[in-house]
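Structure first, then comments.
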Amino acid sequence: MQKTISCEGALSGKGLHTGQTSQVFFKPAPACTGVKFFHQGEPLDILPRPGAGQTFDSEQGARCTVVGLGKHQVKTIEHLFAALSGLGISNIEIHADGPEIPGLDGSALPWVTLFKSLGIRSQDVPREVYRIREPLFCYEANKAIAIYPSKEFRIAYVLDYPHPDLRGQKADFVVTPEIFETEIAPARTFCMGDEALVLKKHGFGLGADYQNTLVFGEKGLIQNRLRFKDECARHKVLDILGDLSLLGFSLVGRVVGVRSGHRLNAKLAEAISAQRKN
């Protein structure tokens, strides 16, 4: 069934990449409205676009997902949208006053906490669901993501970064509100120590610190503790969920990502949309 929040609410904080403080305000929306996103009062087109013109191409690719165009665009929406999708919230108004969604603790858990505190109510209208008919594949060098027909919505990810703590991690979850809240939402964003320096040089990660980002140096994780031994792979599952949620409908299919990132997530979303139209 379609769902919305029970009352209005807001959350503020600094963006992980811009470092700028912004507030995001939420309003309930009627059934069949979908997710309506506004930036400084202007409605935005919600399309899965990795980084837009602000993408930094490291080995791992685009660093965030962006909605909107020109002066009315908002960066790093994936954690917020993962929370909406993971909790099954299909109708809501989002009003952002800054250039980036607050990074908070680097995970989707603060958004889950907010939405649960506002209340989540069923609207007694069936939610649109698309069942994958045939496998879809997207490749890029040594990265890939695919979605296969399935009886459930499941996301698996294989992480393999050039760091001893980030090689061979695997995460695989059926996406339900309960599993999302406890197993996926708490997983935080991450990077390698030398990568962090390059990111800042290119204007990324200006709001990141050792508390909202897992930073892996030569001797391991710096000034933080893991919530899960495979937390980084789980965070990639979170990112995939957030990026695919921009399609605007629920999925039934099994997603498998191998070293993929936002750019390939967006390509997969485009392929799913094309299959649905044919």
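Shape annotation for segment 3-128: C-alpha extents along the principal axes are 44, 29, 26 Å, from largest to smallest. Of the labelled figures (1) 17.4, 53; (2) 19.3, 59; (3) 22.0, 68, only one reflects Rg and Dmax of the Cα atoms in Å as derived from the coordinates, namely (1). Segment 208-247 and segment 157-182 have Cα centres separated by 9 Å. Considering only Gly70, Gly34, Gly119, the residue lying farthest towards the positive end of the dipole of segment 3-128 is Gly119, judged by Cα position with unit charges set on Cβ. Of all aspartates and glutamates in the structure, those lying under 16 Å Cα to Cα from Lys27, and not within fewer than 8 positions of it along the same chain, are Glu8, Glu42, Glu93, Asp97. In the chain, helical runs assigned H by DSSP with n ≥ 4 each contribute -39500 (n - 2.57); averaged across all residues and rounded to the nearest 500, the mean residue ellipticity at 222 nm is -6500 deg cm²/dmol.
Peptides 66-72, 107-113, 235-241 ordered by packing proxy, namely the average of other Cβ atoms within 10 Å per residue, highest first: 235-241, 107-113, 66-72. Taken over the alpha carbons of segment 125-270 as equal point scatterers, the Debye sum produces base-10 log I(q)/I(0) values at 0.14, 0.15 Å⁻¹ of -0.70, -0.80. In the structure shown, the pairs Lys143/Lys200; Lys36/Lys71; Lys3/Lys277; Lys143/Lys236 are assessed against 21 Å; a Cα-Cα span above that value is assigned to Lys143/Lys200; Lys3/Lys277.
All of the numbers you see were taken from the coordinates with simple rules; none came from a lab. Everything quoted here is computed from the prediction, not taken from an experiment. Note: ideal-geometry Cβ built from the backbone for every residue, glycine included; neighbour counts use all protein chains shown.
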